[in-house]
Amino acid sequence: MNEKMLKFTKLDMETPNKRARENRTKDFKEIYSKFINKKAQEQSSRCSQCGIPFCQIHCPLHNNIPDWLKLVSENRLEEANELVHSTNNMPEICGSICPQDRLCEGNCVIEKAGHGTVTIGSIEKFITDAGWSNKWIKPIKILEEIDQSIGIIGAGPAGLACAEELRKSGYSITIYDRYDRPGGLLIYGIPNFKLEKFVVERRTDRLRKSGIKFKKNFEVGKNITINQLRKKHDAILIATGVYKPREINLLGKNLKNIFPAMDFLKASNKKGLGDKVKNFDNGILDAKNKDIVVIGGGDTGMDCVRTAIRQNAKSVKCLYRRDRENMPGSTREVYNAEEEGVEFLWLSNPKKFIGKSKIESVLVERMELGETDFSGRKKPEPIPHSDFEIKADMVIEALGFEPEDLPKLFNSPDLSVSRLGTIKINLKTMETNLSGVFAAGDIVRGASLVVWAIRDGRDASISIEKYLEQKKEKKIIAA
Ligand SMILES: Cc1cc2nc3c(=O)[nH]c(=O)nc-3n(C[C@H](O)[C@H](O)[C@H](O)COP(=O)(O)OP(=O)(O)OC[C@H]3O[C@@H](n4cnc5c(N)ncnc54)[C@H](O)[C@@H]3O)c2cc1C
Ligand code: SF4
């Protein structure tokens, strides 16, 4: 064993993995804490009402945070609920799952002064929960039906936010989705322990009751072409997200029980929703009593390791080729995962999948951080002769997502996409190169956040409305 390897073996014996092994707990750390009125008021009154609201500036929706904090501190919850909804279509969802430490809370002036942030996300959720329990949140009532229709492809947060805004103006909306439930990654990607599914269903039910039509199990490109859809509607929004999993091309990659993250998470979410899932019920996608290896240190990786722990896996290891400091996943989630018993193998890269027909183990090589690369991060480089093997009954690949080939999928070769496959739009209007076809959310930005998808959906609704008004005017003039 060379000197470097000795060092790493020693490191493995130390914290945090030791802590993970010893502290494996059933006391799972959920992502937000429930608030009671008194606590919310106390937290809200900590806001200094500073002159420049950095929290608001750094919230992608520019939520009017200082004003709704003031209303909560005065126990004026109904007004706070109205204000919260004026800029956000799903405040309780953002309040639960936004990475607040990078957005609003991370820029709170009190946090910057070293006194700990006002817990903005939890208060946003508290206000909206009060809105639901007091029945202040009702289906949309429109003043007048407009005889123009919009077809929205994708029922994720971008599509839903756009649909809601346009419905408020009276347009007729149909949302097409290839899944059997609306919600996109809110329903089948993000695990239940981070976002309870009734919260998502409550939102989509409200939209249905507001007159928005949902066409489920309907895949654009398969059940209808985009050009047929364009003839059916006055405008189209593409909000299809990014779903092509990045793969690692290793020897043994075709062995059984190696899965992309979304297969694992979708099966788990479907079970949580009470569905029969063949590949979960027969044990294939169930982590129970298995040695699980998750590859990738981003937020999806964290969702996989924490889901596997909750399924009572025998062991859960996470391989990441850089070190803890350079891990892309949120620090809070890594810490929680460790507390729950996940072992992180930092500076470790899979080299080969080993097994006869099914995966049995993963050959891993140790890495060290070398020169800084073009991305500004230190490049991981393999340490010669540092290989070791870890047992695996199931491997989950969580290496991120890319856009599918939409021009091909939609049978629309003229739809303009970037080198990475994301849809190109006019940044002012969000219109694609196809007239009357707009795009929003991850399919434009690449894998991003729910709050940005909502922002894009709202921005697209403004442009679509302008486009439809002009279309109507032209029709009147021509007549
Ligand atoms: C595991 C995981 C965890 C995440 N956790 C968080 C988090 O904690 N916080 C956060 O802010 N963000 C998180 N994200 C990111 C967030 O979920 C996405 O940025 C967001 O959902 C993007 O919204 P969207 O509307 O653009 O696309 P999506 O939510 O992906 O929705 C797209 C919809 O389009 C449908 N669709 C696709 N193609 C077609 C077609 N051809 N025809 C019909 N329908 C189609 C899909 O079925 C889907 O319902 C997470 C992502 C993943 C994968
Ligand atoms: S939407 Fe997200 S970033 Fe904005 S205030 Fe709410 S939790 Fe913070």
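The values are calculated or read from the model by the stated rules, or taken from the named source; none is laboratory data. Being a predicted model, the structure only gives us computed values, none of them experimental. For neighbour counting, all protein chains shown are included, and Cβ atoms are generated from backbone atoms with ideal geometry for every residue, glycine included. Calculation scope for accessible area: heavy atoms of the full protein, side chains included, ligands and nucleic acids excluded. Shrake-Rupley method; radii C 1.70, N 1.55, O 1.52, S 1.80 Å.
For region 342-358, the tally of residues that are closer than 13 Å to Lys317 by Cβ, touching an Asp or Glu at 6+ places or on another chain (Cβ under 9 Å) and in a loop (DSSP other than H, G, I, E, B) stands at 1.
Counting only helices (runs of 4 or more DSSP H) that sit completely within region 87-146, those holding 1 or more residues that are within 16 Å of ligand 1 (Cβ to nearest atom) and hydroxyl-bearing (Ser, Thr, Tyr) correspond to 91-97, 120-133.
Going through (1) in contact with a Pro (Cβ under 6 Å, 6 or more places away or on another chain); (2) near ligand 1 (Cβ under 7 Å from one of its atoms); (3) of a type in the set (Gly, Ala, Ser) one by one, Ser210 falls short only on (2). If the condition is being within 13 Å of ligand 1 (Cβ to nearest atom), out of contact with any helix residue (DSSP H, G or I) (no Cβ under 7 Å at 6 or more places or on another chain) and open to solvent by 30 Å² or more (accessible area, probe 1.4 Å), then region 259-298 contributes Pro260, Asp263. The test for being over 23 Å from Lys314 (Cα atoms) and either modelled with pLDDT of 95 or more or open to solvent by 30 Å² or more (accessible area, probe 1.4 Å) (or both) does not hold for Asn23. Tell me, please, whether a residue that is free of Cβ contacts under 8 Å to residues at least 60 places away in the same chain and of a type in the set (Ser, Thr, Tyr) can be found in region 440-454. For region 440-454, residues free of Cβ contacts under 8 Å to residues at least 60 places away in the same chain and of a type in the set (Ser, Thr, Tyr): present.
Can Asn192 be described as more than 16 Å from ligand 1 (Cβ to nearest atom), over 26 Å from Val220 (Cβ atoms) and open to solvent by 10 Å² or more (accessible area, probe 1.4 Å)? So Asn192 does not fit the description; no.
Here Lys244 fulfils each of the conditions (1) farther than 30 Å from Tyr171 by Cα; (2) open to solvent by less than 10 Å² (accessible area, probe 1.4 Å) apart from (2). All of Gly131, Gly159 fail the test of being open to solvent by less than 30 Å² (accessible area, probe 1.4 Å) and within 16 Å of ligand 2 (Cβ to nearest atom), apart from Gly131. On the given criteria, is Phe344 of a type in the set (Phe, Trp, Tyr), more than 16 Å from ligand 2 (Cβ to nearest atom) and touching a strand residue (DSSP E or B) at 6+ places or on another chain (Cβ under 7 Å)? It is true that Phe344 is of a type in the set (Phe, Trp, Tyr), more than 16 Å from ligand 2 (Cβ to nearest atom) and touching a strand residue (DSSP E or B) at 6+ places or on another chain (Cβ under 7 Å). Check whether at least one residue in region 208-218 is open to solvent by less than 10 Å² (accessible area, probe 1.4 Å), out of contact with any Phe, Trp or Tyr (no Cβ under 9 Å at 6 or more places or on another chain) and farther than 23 Å from Gly274 by Cβ, and report yes or no. Among the residues of region 208-218, at least one is open to solvent by less than 10 Å² (accessible area, probe 1.4 Å), out of contact with any Phe, Trp or Tyr (no Cβ under 9 Å at 6 or more places or on another chain) and farther than 23 Å from Gly274 by Cβ, which makes the answer yes. The residues on offer are Gly211, Gly221, Gly189, and the sole one that is touching a Leu at 6+ places or on another chain (Cβ under 8 Å), at positive phi and not β-branched (Val, Ile, Thr) is Gly221. Restricting region 87-102 to residues that are within 8 Å of ligand 2 (Cβ to nearest atom) and hydrophobic (A, V, I, L, M, F, W, C) leaves a set whose member that is least open to solvent (accessible area, probe 1.4 Å) is Cys94. When each of Asp405, Asp442 is tested for being of a type in the set (Asp, Glu), open to solvent by 70 Å² or more (accessible area, probe 1.4 Å) and within 23 Å of the chain's Cα centre (by Cα), the lone residue that passes is Asp405. Taken over region 54-86, the criterion of being out of contact with any Lys or Arg (no Cβ under 6 Å at 6 or more places or on another chain), within 16 Å of ligand 1 (Cβ to nearest atom) and open to solvent by less than 40 Å² (accessible area, probe 1.4 Å) is satisfied by Cys59, Asn63. Among the residues examined, Gly159 does not qualify as among the small types (Gly, Ala, Ser) and at positive phi. When Lys232 is tested against (1) within 16 Å of ligand 2 (Cβ to nearest atom); (2) open to solvent by 30 Å² or more (accessible area, probe 1.4 Å), just one condition goes unmet, and that condition is (1).
Conditions tested, residue by residue: (1) in a loop (DSSP other than H, G, I, E, B); (2) within 16 Å of ligand 1 (Cβ to nearest atom).
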position: Leu415; (1), (2): yes, yes
position: Asn426; (1), (2): yes, no
position: Leu434; (1), (2): yes, yes
position: Ile454; (1), (2): no, yes
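Residue under question is Glu404, and the condition is that it be among the acidic types (Asp, Glu) and more than 14 Å from ligand 1 (Cβ to nearest atom); does it hold? Taking the combined requirement at face value, the residue does not satisfy it. Here the condition is being among the basic types (Lys, Arg) and within 16 Å of ligand 2 (Cβ to nearest atom); of Arg458, Arg419, it holds for Arg458 alone.
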